[in-house]
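Here is the structure we will look at.
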Amino acid sequence: MIVTVLGGGNGAHAAVVDLTLGGHEVRWWRRGAAFPSGGRLRYRTHDRTGAVTPALVTHDLARAVGGAGLVVAPVPASAQPELLAALAPVLEPGQAVAFTPGTFGTWHGARLRPDVAFLETGTLPYLTRVTAPGEVSIPVTATRLPVGAIPGTGALADEGHARFAAAYPMAVRISDGLDAALTNWGPVIHPPLIAHNLGAIQNLADRFDIHADGTSPAVLATTRALDAERVALREALGLPGPHWPLEDYYLERDTSMYPPDAKERLLASGLWRETVGLDHRYVHEDVRRGLVLNVALARLAGVAAPVGAAILTLLGAALGEDLLDPGRAAALLGTDDLDHLREAARTGVPHGVNPN
């Protein structure tokens, strides 16, 4: 299958490696940044090393996606609007686009191109970091990857899921894109780590490993409470189980999205001893968009979310922004009609609907 990978971040590098090793014809697109020579990537996983070269590297988006069976976009949620503005006009009817993860990017894509299957996952398929130009380390790959689409049902969804499963055999199909957005662990793991550790993050920079040094019993207590709010929201919306509790990851259960030894591999890699500031993806994606989305949906559903709201209040003060401003939610959702949102996620956005 022809698979196009969009972007130049950690996840895109890992996807190029993984999908090439999986036997797919991989095309790699970046907006303008230089590629490694010939697109060749050296890689290290937990049990092997090597190098791959994708079939095509290009800055031409239309050339990258034309005829592709699957388009994979491991880009930050904050970059989705700009990407979709360029991508929507060059997609072909019936194609499949996957945000990994999406933070409800399926909703924004489907409103622009309702004739395309937009999918999103509950987590990045890889715990990974680019370690040097043309070099990526992938210590962990997901073993159970929840994925939902808009539309959630019908031939377009079925074909999109089939293509995604061909690229990612660990995929677990769930009901739709909203279901997938509310399995996303990023807005549960990262906001408490940022809020609790902001002093160390700013004062110690890359001497502070946010996962190894920043995960304490008190931080985990906040994380569990925030995850309980996510699960309560899912239940209130009538989303089916499993609800993908984050506890599965910390307790090393085989029902987690990652293998039982994922946390051990992550810490042993030392790859997350990096500078994490207020301009990091954890803030742009998981606070400003992911947690804002979850709290906004909870408000619409009448579900209490005091921990999420408190984190947004504290980090909003640090950022000098009102993260609880209803206008943010309106911009993310485009509607305050929760019934309409649920129905559109299941059956798709009607053709001719104004995306705004």
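Tabulated results
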read-out	value
Fraction of accessible area attributable to carbon and sulfur, the stretch 121-279 (%, probe 1.4 Å)	55
Farthest toward positive dipole pole in the chain [+1 Lys/Arg, -1 Asp/Glu at C-beta], among Y126, T4, G94	T4
Counting DSSP beta bridges with both ends in the stretch 104-254, the antiparallel % (nearest 5)	75
The chain: antiparallel DSSP beta bridges as a percent of all, rounded to 5	35
Around V16: net Lys/Arg minus Asp/Glu count, Cβ-Cβ under 15 Å	+3
Charged-residue dipole, Cβ positions (Lys, Arg, Asp, Glu), the stretch 240-285 about Cα centre, Debye nearest 20	100
Alpha-carbon centroids, the stretch 280-304 and the stretch 228-276: separation in whole Å	17
Measure of compaction for the stretch 291-346 (Cα Rg per 2.2 N^0.38 Å)	1.18
Rounded if a/c under 1.5, otherwise prolate or oblate - the stretch 1-151, Cα gyration tensor axes	prolate
Loop-exposed trypsin sites (Lys or Arg not before Pro) per DSSP, neighbour cap 12 Cβ within 10 angstrom, longest uninterrupted part of the chain	49-252
Convex hull per residue volume in Å³, alpha carbons only, for the stretch 32-104	133
Label corresponding to Cα Rg over 2.2 N^0.38 Å when calculated from the structure given, among (i) 1.12; (ii) 1.00; (iii) 0.93	(iii)
Fluctuation leader among V75, V26, V219 - the chain, Gaussian network, Cα springs under 10 angstrom	V219
Solvent-accessible area per residue, Å², over the stretch 246-288 with all protein chains present [probe radius 1.4 Å]	46
Size of electric dipole in the chain: Cβ of Lys, Arg +1 and of Asp, Glu -1, about Cα centre, debye, nearest 20	700
Mean separation of Cα contacts under 8 Å, 6 or more apart, over the residue count of the chain: relative contact order %	16
DSSP bridge orientation in the stretch 4-81 - percent antiparallel, rounded to nearest 5	35
Around V72: net Lys/Arg minus Asp/Glu count, Cβ-Cβ under 14 Å	0
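The values are calculated or read from the model by the stated rules, or taken from the named source; none is laboratory data. Please read these numbers as outputs of a predicted model, since none were measured by experiment. Quick reminder, even Gly has a Cβ in these numbers, built from the backbone with ideal geometry, and neighbours come from all protein chains shown. Just so you know, the surface numbers come from the protein's heavy atoms only, side chains and all, with ligands and any DNA or RNA stripped out. Shrake-Rupley method; radii C 1.70, N 1.55, O 1.52, S 1.80 Å.
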